[in-house]
Amino acid sequence: MGIIMNHFLKNLLLPAVLFVVVGFTASAQKFTTHAVKQGETLQSIAKQYKVAPSSILTYNKEIKQGQKLKANTILVVPTGGAPVKSGAGTMASEKEKTTVSMPVQEEPIGFTSHKVKRKETLYSISKRYRITEEDIKRYNKELYSTQLKKKMVLRIPKYKRVKPADVAMVNEGDFETYVVAPKETRWSIAHKYGITIDSMVALNPALAKGSSYLAEGQELRMPKRPGSRVQNQVAQLYTSYVVPPKMNFYQLEKKFNLKSDEIVKLNPEITERGGLKEGMVLRIPSRTVAAGEVNTDNFIFYEVKPKQTEFYLTRKLGLSYKELLALNPALKDGLKAGMVLKLPKEQVGDFEVRDALVLDKINLVDSINIVNRPKVMFILPFRTDLASSDKDAAKKMIAKRTDAKISLGLYSGALVALDSVASLGISVDVKTFDNQLSVAKTKEILLGEDLSDVQAIIGPLDASSLREVAVRASGLKVPVVAPVPVSTNLSMSNVFFSYTSEKVLRKRMLDYIAEHKTDQQVIVIADKKNAATKNRILQQFPDAKIVEVIEEKKNIGIRREKLAEILSTDVENWVIVETDNFKLASSVTSILNSFQNSALDAENQGEEKVMMKMFTTDKNKAFENDIISSTHLSNLKFTYPSAYREVGNNSFTKRYRKKFGDTPDKYAVRGFDLTYDLLLKLAYKNNLIEASKLIGQTEYTGNKFSYKKDLVSGYFNQASYILSYDDMRIKAIK
């Protein structure tokens, strides 16, 4: 670590890389829709509305330059503002599209006060005063860091209302108001109306702000279409399903979106034969989907990308063209970029589904744009204020201070990541600061820095400093990445919590058990401190057996004879142990292992044997104590969820040793993975928030990342591993 410290002190502030910021400006843009008549062309429609043909192409990706327009096609046409300039090409750049779709910010002519009532939301208040949620936050900055509360007094901006005569002539008869139903997304609604997401956002500019989330009851402006908007779905009453090996009710419920009692009621054979059996032919009801039920309960959705073909999509989505056409009749007119296709809810393929949207698996290394030059900041507690110029003294300080050890580990891995992206041709402007684990120092750093052109900030580690940075960065929409677990109720939409939470890990473990359980017996051993976890397990496995934990003043454990009474000799016993007490973890592991060894003896003597496997939903320090035998854990095939996996002698480890002369610890691995992922995403999209909407799960040396936006807070990593001891090694089994 001394070598790393010396390297760090010499390279605390990396040389800045010059980069160019190109600005774009545009006046506020208005839109109308146009139903194409027989014989009309792109040029004639553009002339009619006094706009450039390229402006129409910008908002209607489903048509292309020179393509013959079909009658009754609904086009979104910009009006009342300067035409969009897209240079020599026919499509505006991503930067231009973002700029022209956002209205110019209007200054308020005054303010009024509003006292928040019970059950009011930012959305309902914004609708009442005919302003956006962002307008409310802008003049009530505490809402960037705290949630709306009853009796809170808000400053509501008042704007000059434009008279109808001042608005560009728009035929309101071309539009209708659509009220968002439960479990609908912008993709499901775009599919209903047969328009692109870009067109929907153009008609509803507020959708471009914040996340992709739609509130139930939210009103959208949508184009009227000739005839019926949504064709009724044809469905049979029942379909047949042959039960494959190792199928269970949990998997059936997930596959067909049915409760197990519904399936049993329709198939009495299940009860008669004592449960699901391989080869059974089940009657499964095919639900009739009404027009209003094209939602996340029934379908997943895919947005067609430019240059994709029918052949590519059928392979990617795992459906034949005939099946795609049956679900999406608009395909008969050809595949068009921006189309929203619906797919069966249970469809699987070479893709990831997040919030009912199919995400493309993107090879980031092959997708980078070297024109993008990310600018990032590291704010970490290196504690240079405590460091000594004496190498041995510095080592002792780092050994005693966890914050310095973590920071140096993260940053050393980040330096290797910077070297790696440099070899790909990506130039990065980096600034590094030591906030000394002090909020005051953090404020001092922020006061001296211009964050307006920063693409991301990594750190700080402590909750108070993280909040300070997040609040300051939120007004500029700068993402702040928390590199390690942080205990905070911080509610900020620009924070990326990169370490998978215990709640997500627990759910992943229980879902894994449910997916793989066939006839095994589940047994739960949990102390009082983990009573809530025990109840959560019993909700998912109501037939599980409970072994009481005896908790005395100085001792804690279970009675071996009580466990023996409930162990099954017919099926394997899956024992879930929940504790953060190393004495209980050690005792239970030893007892379970003794039964496992007895099973081996019984097998040799031809007697009944007990089969055993041990799990936990939270592998904390209690399971890492030295008194717990790795041999016992291996015998029990101990299985648990983890945000991190151990790494071997891979290419990163070799590069790290070459650079620092030392073996990387888990913080160095995390620093590399986190920084490499961040820089590749910025080199791909130059905007971490936008990139996270498009990119599914990514995986590197020892960490996975799959960020999901919370409804009221930031982005949370949902990715994790399922690890298991096997033959004295820890292996990732999922």
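Laboratory data are not the source of any read-out in this text; all were calculated from the coordinates shown. Keep in mind that what you see is a predicted model, and the values were worked out from it rather than measured. Glycine gets a Cβ as well: all are built from the backbone with ideal geometry, and neighbour counts include every protein chain shown.
Below are the figures for this structure:
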{"item": "Of Lys400/Lys613; Lys477/Lys503; Lys265/Lys507, pairs whose Cα-Cα distance is over 31 Å", "result": "Lys400/Lys613"}
{"item": "Value in Å of the Kirkwood radius, where segment 294-354 supplies the Cα pairs that are averaged", "result": "11.8"}
{"item": "Extension gain from Thr518 to Asp390, taking 0.36 nm per residue of separation minus the Cα-Cα distance", "result": "40.0 nm"}
{"item": "Summed residue charge, Cβ within 12 Å of Ala532's Cβ, Lys/Arg positive, Asp/Glu negative", "result": "+2"}
{"item": "Average projection area in nm² (convex hull over Cα atoms of segment 373-499, one quarter of hull surface)", "result": "8.4"}
{"item": "Estimated D of segment 297-402 in µm² per second, where Rh is the Kirkwood radius over Cα pairs and Stokes-Einstein applies at 25 °C, 0.890 mPa s", "result": "134"}
{"item": "Rg ratio (alpha-carbon, reference 2.2 N^0.38 Å) - segment 649-715", "result": "1.30"}
{"item": "Normalised convex hull volume, segment 599-734, alpha-carbon set, Å³ per residue", "result": "170"}
{"item": "Pairwise FRET efficiency - Lys115 versus Asp626, Cβ, R0 = 60 Å, nearest 0.05", "result": "0.50"}
{"item": "Unsatisfied cross-links (Cα-Cα over 24 Å) in the set Lys259/Lys529; Lys316/Lys693; Lys246/Lys322; Lys305/Lys345", "result": "Lys259/Lys529; Lys246/Lys322"}
{"item": "Inter-probe distance in nm under a simple model that places probes 7 Å from Cα toward Cβ, at Lys477 and Arg559", "result": "6.4"}
{"item": "Spatial separation of Cα centroids for segment 537-561 and segment 125-148, in angstrom", "result": "49"}
{"item": "Highest average packing first - 414-427, 542-555, Cβ atoms within 10 Å", "result": "414-427, 542-555"}
{"item": "Among Gln347, Val358, Phe382 - extreme Cα towards positive end, dipole of segment 343-387, charges at beta-carbon", "result": "Phe382"}
{"item": "Gain on full stretching of the segment that runs from Glu444 to Ser423 - 0.36 nm per residue minus C-alpha separation", "result": "4.1 nm"}
{"item": "Size of charge dipole - segment 104-153 - debye, nearest 20, with Cβ of Lys, Arg +1 and Asp, Glu -1, no other charges", "result": "520"}
{"item": "From phi via Karplus (6.51, -1.76, 1.60), per-residue ³J(HN,Hα) for segment 692-697 in Hz, x at Gly/Pro", "result": "5, 6, 9, 9, x, 6"}
{"item": "Aspartates and glutamates whose Cα lies under 12 Å from that of Lys528, excluding same-chain neighbours fewer than 8 positions away", "result": "Glu548, Glu551, Glu552, Glu578, Asp580"}
{"item": "Segment Glu107-Asp360, extension gain: residue separation times 0.36 nm, minus the distance between their alpha carbons", "result": "87.0 nm"}
{"item": "Segment 515-660: Cα Rg divided by the 2.2 N^0.38 Å rule of thumb", "result": "1.20"}
{"item": "Percent RCO, i.e. relative contact order, over segment 457-529, from Cα pairs under 8 Å lying at least 6 residues apart", "result": "24"}
{"item": "Most to least packed among 699-712, 317-330 [average Cβ atoms within 10 Å]", "result": "699-712, 317-330"}
{"item": "Label-point separation, Lys277 to Asp333 (7 Å along Cα→Cβ), nm", "result": "5.4"}
{"item": "Protection proxy ranking of 262-269, 337-344 - average other beta-carbon atoms within 10 Å, highest first", "result": "337-344, 262-269"}
{"item": "Label point distance in nm, Ala544-Thr488, each placed 7 Å from Cα along Cα→Cβ", "result": "3.3"}
{"item": "Electrostatic dipole magnitude of segment 484-528 [Cβ: Lys, Arg +1; Asp, Glu -1; Cα centre; debye, to 20]", "result": "120"}
